[in-house]
1. Taking the Cα centre of the chain as the origin, how large is its charge dipole in debye, to the nearest 20, when only Lys and Arg (+1) and Asp and Glu (-1) carry charge on their Cβ atoms?
2. Need the full-extension length gain, Glu101 to Asn139, defined as separation in residues times 0.36 nm minus the C-alpha distance. One decimal, nm.
3. Just add up the charged neighbours of Val499: K/R +1, D/E -1, any other residue whose Cβ is under 15 Å from the Cβ of Val499.
4. Counting Lys +1, Arg +1, Asp -1, Glu -1, what net charge surrounds Arg539 among other residues with beta carbon under 11 Å of its beta carbon?
5. Out of the range 262-315, which GluC sites (Glu not before Pro) are coil in DSSP terms and have no more than 16 other C-beta atoms within 10 Å?
6. Amide H neighbours of Asn408 under 5 Å, counting only residues 5+ apart in sequence or on other chains, H built in-plane at 1.01 Å?
7. Of Ser197, Asn624, Ile288, which is farthest along the charge dipole of the chain in the positive direction, counting Lys and Arg as +1 and Asp and Glu as -1 at C-beta?
8. Under 1.5 on a/c is rounded, so check that first for the range 100-170, then, if it is not, pick prolate when a/b is larger than b/c and oblate when it is not; a ≥ b ≥ c are the square roots of the alpha carbon gyration tensor eigenvalues.
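Rule-based calculations on the coordinates, nothing more; no lab input. What you are looking at is a predicted structure, and each value in this text was computed from that prediction instead of being measured. Every residue, glycine as well, gets a Cβ built from its backbone with ideal geometry; the counts of neighbours run over all protein chains shown.
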Amino acid sequence: MSDLIQKVITGEVSLKQYTDTELETLTYEVLTHLPLASILKLKANLKGKEIEQSRKVIGRIVHPDSDISIPGLDIELWERDPFGLKNYLGNGVSDKIGNFEIYYDPKAAGLGDAPDLELRIFDAPQTAIVDGKTIKRKNLIEVIKGDDNVTVDVYDFGAIEISYYEYDPEYRLFSYSLPKSIKNDFVPEALAITMQSVAKYGKTMNELIQRNRLNPNEPSYEEIQNSFPETLTTILEKQNPGYTRSDEFFGERMLNGFNPIIFKKDKENSNLYTTSFNGDKFELTGKIDLPNYKVKFELKDEKLLPVEITLQFREDNSTQPNPPMKAPQTYTPADGNKWLQAKRVVRATHLGVLGEVKTHLSQTHFNIEQYAISFLRNIRKSPVRNFLYPHLKEVVHINKFGRGILMNPEEGFFAKLEPMKVNPDMLKWVRSNMGSYDWTDWKPRKPLCNSHNFAKLSNLYWDILTNHVDSFFASNHDEIVKNWSEILKFSDELVLHSVPYVSLTMEQVDDGDEWYDWNEIEHSSNPRREIDGEVKAIRPITASEQPSQQDIENLKQVCRYLIYQCTFWHSWVHNEHNPEFGELNYGDLLRNGSMGEEDDENVLPGRQVASIILAVSHMLTNFNYGYMLKNEDGDVPPELIKLIESKRSEFEQLGFDLSTLRSRLNS
């Protein structure tokens, strides 16, 4: 027990998690009631004192079906007896190649009792501040039973295979973590809130769908809309009828909405800005339109106003890739109702398809999962673990949840919406989007104009992260360097499992227009790594176990990039999702040519699809847990919270509510 008591006294562990036996319970009670002077004296007596550790256990921890080691795991050796009582014997840590050894005193198993051995394997402990006190939370990931009545001096557990954040070998498009290998789960309260939200809006959705199955003319679209909370556009329309359909609002949302655009400069007129979408490469289902569009804007009095929209639809019933196309049609504000209809078609595609798949799923969820899996597999002893873990800790969990509820090709919500085949075309598109993302030289876009609040806020937050990261690295430089082998493994595995680089994603065409700003667009001249004939999208952080100054700067950039994507960017997407996607007539998916008045039900997607759209929008964004300033789990660095709070007035002046800033990617 001396080793365990030593850990308690030094604050490394709490005995509350070890009170499986009467002896341990008594020890805990004694320590609880001892005066501080007595505890310090006991600590001094224990310091450097060794028990008679005459035996040891050895072994090696590896990933399944491979020789890939799992270093840095905390391992405890316990003795279990026939009555279920357990005695602590000792502890160790798996080394760089996964090996461990633990010495123990066989007498600790009980007088005259040969020990029945058991290993408890823990992930890296996480530091949190609860009620003003710093604590370490341990996460038990595996229990390995050894033989009974062990009497040998050296007992070999052999190669212990642990399924530990494994890459799904059956899925080749991009990195998935095999569900059974995920060793942590949602924070219990976070999971409960997620399920409550899904249940609440899922119930409403099912009731609406059931009514429609009984009568295809019910419920009305108005009833469907009124079954869900009011959203920004419906509220604004009551206050100022027609405003949300105006050119001014259209341009403002393209700058600052759910899917904020990085514009290009028009090659024929440098005073105009453009954005476009091309759906020719997708196989569709025929239920939803997916037209090509190009929109031109002019900057007038610091406002971005649309001046021209070109739409091109497929020929009727053309669902295959590279289909025959109808002649393109161009509309301007002089076209009256047709102009209103053209803007609605762009909104439907820009929000419901491009925004949801590219901006939300690709850029945040699946892009960041690549980093999260490699991070969880490889970084445990480095200070970077505690620094990034609060932001990355639930990425693989929400993605597992989302793949089941959203992207299951047979039962997922996207399969029910069916603008395109969920498997494989939507996922191929996700893969192509991911192929255009990399941390290298990335930073937020420059403001296009004075009303470009999203860009201003992004840069304000990026500056905060720069200070936060610089301060952390200055304080932890030596320990980061000492454990650099973990960063090397993180980098190597990240690149190995990265998707291939693409110069143009599936919805892009080279139309000759140039980006107005390259900050968020791939532009670095740094070389990529080629593996098995594939040039990988994500560049390596380091190639050495001894970091250069550039390697350190690379890791700092990765930290900024990951925290930004997991917190500010994903918060923005969630905050703006319902405001733009919550009204059927404003931003719903469209069909039958799409060009119709708002009271023309023929172009709406159908009552069941409409019910699903609103339900999913609300159930996946009304997730109120995991906020930066609330810091519900106590693991967000206090320094980051202070930096954010110091800029509160600047955030408020730009219209951003800091209480909505999320601490991690978990919804």
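1. Values: 76 positive and 101 negative charges, 142 e Å.
Dipole size: approximately 680 debye.
2. Details: separation 38, 0.36 × 38 = 13.68 nm, distance 2.06 nm.
Here the answer is 11.6 nm.
3. Numbers: positive: Arg172, Lys358, Lys428, Arg431, Arg528, Arg529, Lys536, Arg539; negative: Asp168, Glu369, Asp438, Glu493, Glu522, Glu530, Asp532, Glu534.
Neighbour charge sum, excluding Val499 itself: 0.
4. Details: positive: Arg528, Arg529, Lys536; negative: Asp438, Asp441, Glu522.
The answer is 0.
5. For GluC sites (Glu not before Pro) across the range 262-315 that sit outside H, G, I, E and B with at most 16 neighbouring Cβ atoms in 10 Å, the list reads Glu268, Glu283, Glu302, Glu315.
6. Under 5 Å from the amide H of Asn408 lie the amide H atoms of Phe413, each far enough along the sequence or on another chain.
7. In the chain, that residue is Asn624.
8. Oblate.
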